[in-house]
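First comes the structure, then the notes that go with it.
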């Protein structure tokens, strides 16, 4: 049995949940999210909690997934999701251009403009090397962070590039014959 799938999702104050077919609509103080459920899984509201129900063991693989997706939506509309990125390297930086575009200088011959999708906000610190991505959709915030990191992934030899905050890198040794 799925332990995560059985766990009820508490609904905080100020959050309304509407279940229509295989879609769960969650509305809270930060916004509104629609979460599609995998086929065979249903959600029910009982005593201020949401419970994921599966008809039989054939749907056990997606039971915990469905519960986690709805829980992420409830957390997103109440607290929101955040992902921090660090830019390491001499001359590497990021700055905002207008409201919805981030311009990266990452050692290439040209600056890279990254348009932010709707629902994701970016804040850059004063040193232009730390980015904070915010949004209510966990998947979208994580995808934007992964795409920004892929513009210049951390180099294992010099440890330069865009990395997640707190990401530990294993530094490789360079050429042994070099003096």
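The values are calculated or read from the model by the stated rules, or taken from the named source; none is laboratory data. Please read all numbers here as calculations on a predicted model, not as lab measurements. Methodologically, a virtual Cβ is constructed for each residue, glycine included, from the backbone with ideal geometry; neighbour enumeration extends over all protein chains shown.
One table, with the values for the structure above:
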| quantity | calculated |
| --- | --- |
| Hey, residue 147 in a helix (DSSP H, G or I), out of contact with any helix residue (DSSP H, G or I) (no Cβ under 7 Å at 6 or more places or on another chain) and exposed (fewer than 13 other Cβ atoms within 10 Å of the Cβ) or not | yes |
| Enumeration of residues in the stretch 23-48 that are part of a loop (DSSP other than H, G, I, E, B) and under 23 Å from the mean Cα position of the chain (by Cα) | 28, 29, 30, 31, 37, 38 |
| Matching option when the condition is surrounded by 18 or more Cβ atoms within 10 Å (Cβ to Cβ) and either touching a residue at least 40 places away in the same chain (Cβ under 8 Å) or in the same structural domain as residue 129 (by TED's automatic domain parsing) (or both), among 85, 69 | 85 |
| Search result, residues across the stretch 122-141 that are surrounded by fewer than 19 Cβ atoms within 10 Å (Cβ to Cβ) and under 26 Å from residue 90 (Cα atoms) | 123, 124, 125, 126, 127, 128, 129, 130, 132 |
| Total residues in the stretch 4-29, condition more than 14 Å from residue 66 (Cβ to Cβ) and either at pLDDT below 90 or loosely packed, with under 15 Cβ neighbours inside 10 Å (or both) | 9 |
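Table: residues versus (1) more than 17 Å from residue 142 (Cα to Cα); (2) at pLDDT below 95.
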site	(1), (2)
83	no, no
98	yes, yes
103	yes, no
113	yes, no
116	no, no
